Amino acid sequence: MRWPPRLSWTSTYLRQGFRHFVAINYGGQGNERWVILVAVLDGKSRLSVRWEEMKDPSKWISGWLKLTRKEANPSKGNYISGNKIEKKDEEVCLHVSKDSGLLIPSRLNQIRPWH
């Protein structure tokens, strides 16, 4: 899988009660690469995930899969926690990357693809 990460991601299981995420930032080098994700349906639900985990198709799928409402967000209390780094809101970087396409106005001609 190519670096930098694409913008849209689907988790293979619920993470903080959600499965669809947007990559808002990334960094690191080699095996220390990481990605900051925000849940599409709840901007307060954020994850910091190691890039090695993001490349594992049994955990993450690049792009958004079409899911039923029950699959995408059944109920807040019933989710499985996997092998990832989940940090509290105050510990997660919320600065978007320059190539995310989320900055307005954007001065970059190269924006990462969404899928």
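The values are calculated or read from the model by the stated rules, or taken from the named source; none is laboratory data. Bear in mind that the values here come from a model prediction, so they are computed numbers and not experimental data. Reconstructed Cβ throughout: ideal geometry from the backbone, glycine too, with neighbour counts over all protein chains shown.
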- Given (1) buried (at least 21 other Cβ atoms within 10 Å of the Cβ); (2) more than 18 Å from S97 (Cα to Cα), number of the condition L7 does not satisfy: (2)
- Going by the conditions given, is P74 modelled with pLDDT under 95, part of a loop (DSSP other than H, G, I, E, B) and out of contact with any helix residue (DSSP H, G or I) (no Cβ under 9 Å at 6 or more places or on another chain)? yes
- Query: Within segment 29-71, how many residues turn out to be in a loop (DSSP other than H, G, I, E, B), under 11 Å from F18 (Cβ atoms) and β-branched (V, I, T)?
  - Reply: 1
- When every residue in segment 54-68 that is surrounded by fewer than 16 Cβ atoms within 10 Å (Cβ to Cβ) and not β-branched (V, I, T) is compared, the one nearest to the chain's Cα centre (by Cα) is G63
- Message: Suppose we keep only residues that are of a type in the set (D, E) and either modelled with pLDDT of 95 or more or closer than 12 Å to P4 by Cα (or both) within segment 33-53. Which one would you say is farthest from the chain's Cα centre (by Cα)?
- Response: E52
- Task: Filter segment 17-37 for residues that are surrounded by 22 or more Cβ atoms within 10 Å (Cβ to Cβ) and without any contact (Cβ under 8 Å) to a residue 40 or more places away in the chain and give the result.
- Result: F21, V35, L37
- Message: Of the conditions (1) among the aliphatic types (A, V, I, L, M); (2) closer than 13 Å to W64 by Cβ; (3) surrounded by 18 or more Cβ atoms within 10 Å (Cβ to Cβ), L14 satisfies every one except a single condition; which number is it?
- Response: (2)
